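Q: Mind looking over this structure? Questions follow.
The values are calculated or read from the model by the stated rules, or taken from the named source; none is laboratory data. These figures come from a predicted structure and were not determined experimentally. Because the Cβ atoms are built from the backbone with ideal geometry, glycine has one as well, and the counts that use them run over all protein chains shown. For accessibility, only protein heavy atoms count, side chains too; no ligands or nucleic acids. Shrake-Rupley method; radii C 1.70, N 1.55, O 1.52, S 1.80 Å.
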Amino acid sequence: MKPASFDYHAPTTVDEALALLEANGPDSRLLAGGQSLVPMMNFRLAAPPVIVDLNRIPDLAYIEDHGDVVCIGAMTRQRAVESSALVADKLPVLSAAIKLVGHLPTRSRGTIGGSIAHADPAAELPMVLQALDGAVVVRGPNGRRTIAASELFQDAMTTSITADEILVEVRLPVMPAGAGYAVEEFARRHGDFAVAAVTAVILREGNRCASARIATAGISSHSERLRAAEQVLEQHGLGDGAIARAAETAAGMVEPLADRHASAGYRRQLTQVLTERAVRRAAGR
């Protein structure tokens, strides 16, 4: 199928893009990598009357080391993130997770900002943003503001970014030296969206858990941190019993989706299994 007719704009600066959003109102849509929006338009699941294409704004593509934070421009291709030595060194959990995002052709076009702003419940990048306690920077008519990961995702494909704002940067705190990490995902085939996925980042001191970060994808209506499960590990350590208890806690916390891929009960069971696997792997690194 072909998309419904639309007006197309290709600004070369963020200021031009913001002016176009203001002029055309909330019905306009931003185009980043196009790996989600274009298929939706082709199947007439979305029919925006105005498209504002961000691909000709060079200032939105970069990966920069800012000491304790890695800043990634929103239009940075996922493939560039995947092949970045800086990301591999400072954010190895992101390097691991991004290999599970679609396939090489889609990662070559898809952008880190586009995936996060699209907020598909099954997408891996929002999960990593949560696990690293990161943030995004958006620009709008009133200037720039920073939105923490915990305040960004509200529901399936729904964020706290307003219709007149553009996500311009992703900020990810550098992982502590010695932190272990793991990404556990269950999908029908490699490259498919996750039926369920769990990411864990663990900083251990002997058998003690100095800090734990556990986040999900594909399980609920949006990616979320499993804070009660994290607290079990931080309070009771990383022994077999504590890890099993944290996994049970995780399964009890989530509000799993039911669809043609999995029932709610199956996703709850996957949450427990994948959480235990991810924590064990992360604690063992």
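Q: If I ask for residues that are open to solvent by 80 Å² or more (accessible area, probe 1.4 Å) and small (Gly, Ala, Ser), which ones from the stretch 16-32 would you list?
A: Hit for the stretch 16-32 is ALA23, nothing else.
Q: Looking at ALA148, is it buried (at least 18 other Cβ atoms within 10 Å of the Cβ) and within 17 Å of the chain's Cα centre (by Cα)?
A: Numbers: buried (at least 18 other Cβ atoms within 10 Å of the Cβ): no; within 17 Å of the chain's Cα centre (by Cα): yes.
So ALA148 does not fit the description; no.
Q: Okay, next question. So which of LEU30, LEU45 is at pLDDT 95 or above and not in a helix (DSSP H, G or I)?
A: Details: LEU45 fails: at pLDDT 95 or above.
Sole residue among the options that is at pLDDT 95 or above and not in a helix (DSSP H, G or I): LEU30.
Q: Tally time: how many residues in the stretch 153-186 are in contact with a Phe, Trp or Tyr (Cβ under 8 Å, 6 or more places away or on another chain) and modelled with pLDDT under 95?
A: 0
Q: Oh, and also: Which of the residues spanning the stretch 74-122 are at positive phi and hydrophobic (A, V, I, L, M, F, W, C)? Before the answer, list the steps.
A: Our first condition is that a residue be at positive phi; within the stretch 74-122, this holds for 102, 119.
Of everything in the stretch 74-122, just one residue is at positive phi and hydrophobic (A, V, I, L, M, F, W, C), namely ALA119.
Q: Against the definition (aliphatic (A, V, I, L, M), out of contact with any Cys (no Cβ under 7 Å at 6 or more places or on another chain) and modelled with pLDDT of 95 or more), how does ALA200 come out, yes or no?
A: yes
Q: In the stretch 230-246, what residues are closer than 20 Å to VAL128 by Cβ and either charged (D, E, K, R) or without any contact (Cβ under 8 Å) to a residue 40 or more places away in the chain (or both)?
A: Within the stretch 230-246, GLU230, ALA246 qualify.
Q: Hey, another quick one. For ALA131, indicate whether it is over 15 Å from ALA215 (Cβ atoms) and in contact (Cβ under 8 Å) with a residue 12 or more places away in the chain.
A: no
Q: State all residues of the stretch 1-27 that are closer than 28 Å to ILE72 by Cα, in a loop (DSSP other than H, G, I, E, B) and of a type in the set (Ser, Thr, Tyr); if no residue qualifies, say none.
A: Within the stretch 1-27, THR12, THR13 qualify.
Q: Sticking with this one: Filter the stretch 237-272 down to the residues that are hydrophobic (A, V, I, L, M, F, W, C) and either over 21 Å from the mean Cα position of the chain (by Cα) or over 17 Å from LEU226 (Cα atoms) (or both) and list them by number.
A: If the condition is that a residue be hydrophobic (A, V, I, L, M, F, W, C) and either over 21 Å from the mean Cα position of the chain (by Cα) or over 17 Å from LEU226 (Cα atoms) (or both), then LEU238, ALA242, ILE243, ALA244, ALA246, ALA247, ALA258, ALA262, ALA264 are the ones that fit.
Q: Would you point out the residue of the stretch 123-140, among those that are open to solvent by less than 10 Å² (accessible area, probe 1.4 Å) and assigned to a loop (DSSP other than H, G, I, E, B), that is modelled with the lowest pLDDT?
A: ALA123
Q: Same structure again: Within the stretch 173-198, take every residue that is in contact with an Asp or Glu (Cβ under 9 Å, 6 or more places away or on another chain) and among the hydrophobic types (A, V, I, L, M, F, W, C) and give me the one that is nearest to LEU30 (Cα to Cα).
A: PHE193
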